[in-house]
Every structure is written in structure tokens, then in C-alpha cells.
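Please treat every number below as a calculation from the coordinates, not as lab data. From a predicted model like this one, the values you see are computed outputs, not experimental measurements. Methodologically, a virtual Cβ is constructed for each residue, glycine included, from the backbone with ideal geometry; neighbour enumeration extends over all protein chains shown.
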Ligand code: NI
């Protein structure tokens, strides 16, 4: 396993679209492991390949103790949302690609998703609550969407200005 680079906004690579994988082979399994290791190292609950500059539709989620009904890492390739509820929830979200920002985001409370697991098997999952929120956040990454896109444009601009300033201070822009 290896730790992956973490891109932060406004890196243009975060705004592209990821490509589906043909099948989950040993290379994709290695990518899944790397995503998971990077997630654990950074105390995150989800991490998508696009955040490491890899344009493949692959993501990893582990809510650990915060999830009562799915106590193991979820590794997904080519995830697809089939249905979301009209009922919504508000979740305080953060993102490794938008450092030090935690904000309330409104999303559907329930989401049904299908995906290829680490053994290349097609799986269907009916998720609710925090897990549903996290799955939607990570699938957004594969479509080049950051969680701050769900906020008002005024709020988003304030955050982007702050991120640009932080990058300049670090001299990494
Ligand atoms: Ni994120």
C-alpha cells in the first residue's frame, strides 16, 4: 500500500470527470487499498481517486464507529446512484481537498447505489443517514464536484478566497 497525494481546491484536476474502470483487477484493487490507507492516515471517512489526481471511478469509505449497520470499509468501482429520497438531511461535511472547512450540506436522506466491489462483483446497497451522505459526497468527486458547490455562490466564493490565500502563504500556488 502507498499513501497518495491529496489535491486541494482550486487544483483544476479536481474538476474533471473520472472514467469507468473495465473491471476490478489487481491494479484497481491496489488503488482501492491506497485510497483506504490515505483515508485512514488522514482520519477521513471517504476518499475518491480524483482527489489524488487519478481519473478512475473508484472510491473508498469507512465510517468506522459512526456507522451502525455497515462496519467494514466500502470499496467501490463505477458506483451509480439509482435512487435518492425526496426527504433530505443536513450533515456537517468536510473534505481533504477543501482543508479546514466544515459546513452544513443538504442532501437526500437515502440513496440506493450499485457498484463493483473489490472482487469485481456487482453489489447493491441501500444507504441512509451518514453513509448515504458520504456516498453522495464521494460520487460527486468522480464527477468533478466539491461539496462547496452545494452552497450558495457567496459562501463558496468566501471559501475559495480563503483557500487561495492559504495556498499563497504556503507558497504552493
Ligand atoms: Ni471530499
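Points to keep in mind about this one:
- Exactly one residue among 23, 17 is assigned to a loop (DSSP other than H, G, I, E, B), more than 24 Å from residue 130 (Cβ to Cβ) and within 16 Å of the ligand (Cβ to nearest atom), and that residue is 17.
- Residues located in the range 139-159, provided they are surrounded by fewer than 15 Cβ atoms within 10 Å (Cβ to Cβ) and either within 16 Å of the ligand (Cβ to nearest atom) or not in a helix (DSSP H, G or I) (or both): 143, 149, 152
- Qualifying position, being in a loop (DSSP other than H, G, I, E, B) and away from the ligand (no atom under 15 Å from the Cβ), among 75, 86, 81: 86
- Residue list for the range 102-135, filter: closer than 19 Å to residue 50 by Cα and touching a residue at least 60 places away in the same chain (Cβ under 8 Å): 116, 117, 118, 134, 135
- Residues that are farther than 19 Å from residue 5 by Cβ and within 14 Å of the chain's Cα centre (by Cα), drawn from the range 58-80: 61, 62, 63, 73, 74, 75, 76, 77, 78, 79, 80
- Total residues in the range 119-138 satisfying the condition of being assigned to a helix (DSSP H, G or I) and under 20 Å from residue 33 (Cβ atoms): the figure is 3.
- When 55, 121 are checked against the criterion of being over 16 Å from the mean Cα position of the chain (by Cα) and surrounded by fewer than 17 Cβ atoms within 10 Å (Cβ to Cβ), 121 stands alone in meeting it.
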